[in-house]
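**Student:** The structure follows.
The values are calculated or read from the model by the stated rules, or taken from the named source; none is laboratory data. All figures in this text were calculated on a predicted structure; none of them were measured in a lab. Note: areas computed on protein heavy atoms with side chains; ligands, DNA, RNA excluded. Shrake-Rupley method; radii C 1.70, N 1.55, O 1.52, S 1.80 Å.
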Amino acid sequence: MPTDRTAVSGEGFRLLAVHAHPDDESSKGAATMAGYVAAGAEVMVVTCTGGERGDVLNPAMEDDPHGKRDLAGLRRLEMAHAAAELGVRHRWLGFADSGLPEGEPLPDLPFGCFALQPVERAAAPLVKLIREFRPHVVISYDENGGYPHPDHIMAHRITVEAFAAASDAERYPGTGEAWEVSKLYYDRAFNPERFRALHEALEAAGLESPYAERLAQWLEADAEGHQPPAPTHPTTTQIDCGDFFEQRERALLAHRTQVDPEGFFFAVSLDLQREVWPYEDYSLIETRVDSTIPEVDFFAGVTP
């Protein structure tokens, strides 16, 4: 990737990030979004489900009365706080969380959940949103969903469908005037190169690395979706966003039920992250404008 970093584009540009659950936006591309907001771009996060079938993953929140009484409601509040930390606009797509099936054999997904929707039905509200917001760039997950949670995979499928369909006036009638998105990217939050670089930097500093096991098991993705498969798309685009890592941390911590302040996301100091890997990584999957790879700006080649 290029070493000559340049400032990202801002005023007049619009970016849409499609995520499966509340908290996904904070663990995948949050610093990038905060950086574009600071540059003057309009950034919107769309969350496909409410995360209501998730678990409380922060031990300190296990006995929280609000979480026990109404986890879905608490996660909506957490999402609002995270969006405020990042400065992004936010919309719910309104589908029911599918949950992460576990066991042998894997149980059926719950009736009516997001992952079981027909693709065109699930994509329709996203097409409508794209035609309303009119983003120049859309970001979501790869074919494996970043990790193989059924809702992540479905978020990928409807994003690809909506990217293709939103510009075709004959498709999805009644969802607004056609709009052509210029570029589609997949997020590479689970980038092995990044984890390897951080791992080696920690070891060189004589510090314990939390990434050794992840790197050793990277090719052993499990059927239940806990271990991400090795990414299949190369990095084409790196967004320099180290100045916004604090906002990323605050957005993560806003999701109190999902993020352990003593956990994986906070194992490496921000200073070391900025020194070793001060950017977030993406794959350019489709473009309708001319853009030279590698890129340092989503909006390269795009006219606002």
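**Student:** Rounded to the nearest 500, what is the chain's calculated 222 nm mean residue ellipticity when only DSSP H runs of at least 4 contribute -39500 (n - 2.57) each, over all residues? Please report the intermediate quantities before stating the final value.
**Tutor:** Working: 10 runs with 101 residues, N = 304.
One gets -10000 deg cm²/dmol as the mean residue ellipticity at 222 nm.
**Student:** So, one more: Once you've got the GNM for the chain with C-alpha springs shorter than 10 Å, pick whichever of 82, 254, 201 has the biggest mean-square fluctuation.
**Tutor:** 201
**Student:** Give the Rg/Rh ratio for the chain, taking Rg as the radius of gyration of the Cα atoms and Rh as the Kirkwood radius, to two decimals.
**Tutor:** Numbers: Rg = 18.8 Å, Rh = 19.8 Å.
That ratio equals 0.95.
**Student:** Quick one: Debye curve from the C-alpha atoms of the range 28-73, no solvent, what's log10 I(q)/I(0) at q = 0.18 Å⁻¹?
**Tutor:** Values returned for q = 0.18 Å⁻¹ are -0.73.
**Student:** If you wrap a convex hull around the Cα atoms of the range 1-83, how much volume per residue is inside, in Å³?
**Tutor:** Working: hull volume 10.3 nm³, N = 83.
Per residue, the Cα convex hull of the range 1-83 comes to 124 Å³.
**Student:** So what's the convex hull volume per residue for the Cα atoms of the range 227-299, in Å³?
**Tutor:** Details: hull volume 10.1 nm³, N = 73.
With only Cα atoms used, the range 227-299 gives 138 Å³ per residue.
**Student:** Mean separation of Cα pairs under 8 Å and 6+ residues apart, divided by the residue count of the chain: what relative contact order is that in percent?
**Tutor:** On the way: 597 pairs, mean separation 78.4, N = 304.
That works out to 26 percent.
**Student:** Hey, can you list the DSSP H helices of the chain whose Cα span along the axis is 20 Å or longer and whose average Kyte-Doolittle score is at least -1.0? Mind dumping the intermediate values first?
**Tutor:** Numbers: long enough: 71-86 (22 Å, 0.41); 119-133 (21 Å, 0.48); 150-165 (22 Å, 0.31).
Answer set is 71-86, 119-133, 150-165.
**Student:** Convert each backbone phi in the range 166-175 into a coupling constant with the Karplus relation 6.51 cos²θ - 1.76 cosθ + 1.60 (shift: θ = phi - 60°), then list the ³J(HN,Hα) values in order as whole Hz, x for Gly and Pro.
**Tutor:** In residue order, the calculated couplings are 4, 8, 9, 4, 7, 9, 6, x, x, 10 Hz.
**Student:** Projected area of the range 87-195, taken from the Cα convex hull and averaged over every viewing direction, in nm²?
**Tutor:** The directionally averaged projection comes out at 8.6 nm².
**Student:** Further question on the same structure: Taking H as built 1.01 Å from N, whose amide H comes closer than 5 Å to the amide H of residue 299, not counting residues under 5 places away?
**Tutor:** So residue 299 has HN proximity to 9.
**Student:** Please list, in chain and number order, the residues 5+ apart from residue 286 or on another chain whose amide H is under 5 Å from its amide H, with Hs placed from the backbone.
**Tutor:** For residue 286, the qualifying residues are 184.
**Student:** For the chain, with all protein chains present and a 1.4 Å probe, just round the carbon and sulfur fraction of the accessible area to a whole percent. Don't skip to the end; give the middle numbers.
**Tutor:** On the way: 6690 of 13510 Å².
The C+S portion of the solvent-accessible surface of the chain is 50 percent.
**Student:** Once the whole set of protein chains is in place, how much accessible area is left on residue 271, using a 1.4 Å probe, in Å² to the nearest 10?
**Tutor:** Approximately 110 Å² of residue 271 is accessible to the 1.4 Å probe.
**Student:** Let me ask something else about it. If you roll a 1.4 Å probe over the heavy atoms of the protein chains, what accessible area per residue do you get for the chain, in Å²? Display every interim value, and only then the final one.
**Tutor:** Details: 13510 Å² over 304 residues.
Result: 44 Å² per residue.
**Student:** Still on this structure, I have one more. Pick out which of 286, 85, 170 has the largest mean-square fluctuation in a Gaussian network model of the chain, springs linking Cα atoms closer than 10 Å.
**Tutor:** Fluctuation is largest for 170.
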